[in-house]
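Nothing in this text is a laboratory measurement; each read-out follows from the coordinates by a stated rule. Bear in mind the structure is a predicted one, so any value in this text is a computation, not a measurement. Using ideal geometry, Cβ is built from the backbone for each residue, glycine included, and neighbour counts are taken over all protein chains shown.
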Amino acid sequence: MLDTEKVQIYKNLSLKLFSSDECNSSNYVYIFRKLLLLKEKNNLKTTLKNIQKLLSFTENIFSSNAVAEAFLYFCLKGAATAWILQYELKMPEATSYRALKRLRVLNIVKPAVKVSKIRNSKGGPRPTVWAMEWASTEEISNALRLHFRTLSPKYRVAEKVAQTILDEYINKRNTQEISYKEILIQIKELRIPFKTPDIAHLAAQYLNEIGIKVWR
């Protein structure tokens, strides 16, 4: 993001936030979303840096680190469940519900769809996918898929494996690509208690999603 673009967006943000006594949530949600997604080709590292720069500012707005983190996550992804916030942001269960309640009161997020119950799951209310007003159908569908994926023990193991490959193999080589065969080799060395092809497929999918090219 160019410095001039940052300055102009921050000026616009200040005007929207402080021009009246009433907080116009739709305006500042739109501006924060622009800040996070101004460059669609940003990789995960760049996006995370943008989030870190905005986090202290949003903490001042909401007077809560958890609400600020949840808000920025919604700006970036459009939709999420309470479980997704817990998993992605390492947020305690009670904290995730408090953050969602605050965002709902501010009309920043609204219920989009109820999540289907998993077979043989315990009783209790069905989880809700919460979404920003202009979240796309694709963003809501992505939240649904992520909710179910992150409940899977295989997916959670594959994500840890992918992060290990990223830290110990890809980053050390200073590259943005890896072959599927190399992923299989790395997984075999880790001796995972699941079938190697299953974990390799999920790990490759995760690496693709964060901008790593996987050659088949």
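When you count the other C-beta atoms within 10 angstrom of each residue and take the mean per peptide, 134-147, 167-180 line up highest first as 134-147, 167-180.
Are any of the pairs 49/90; 77/114; 53/160; 90/188 more than 22 Å apart by Cα-Cα distance, and if so, which?
Working: 49/90 18 Å; 77/114 18 Å; 53/160 26 Å; 90/188 28 Å.
Those over the limit are 53/160; 90/188.
Within the range 51-109, the trypsin sites (Lys or Arg not before Pro) that combine a DSSP coil assignment with at most 10 other C-beta atoms in a 10 angstrom radius are 90. The convex hull drawn around the Cα atoms of the range 76-216, when projected onto a plane and averaged over every direction, covers 10.1 nm².
Against the globular-protein guess of 2.2 N^0.38 Å, express the Cα radius of gyration of the range 153-215 as a ratio, rounded to two decimals.
Values: Rg = 10.3 Å, N = 63, 2.2 N^0.38 = 10.6 Å.
Relative to the 2.2 N^0.38 Å estimate, the range 153-215 comes out at 0.97.
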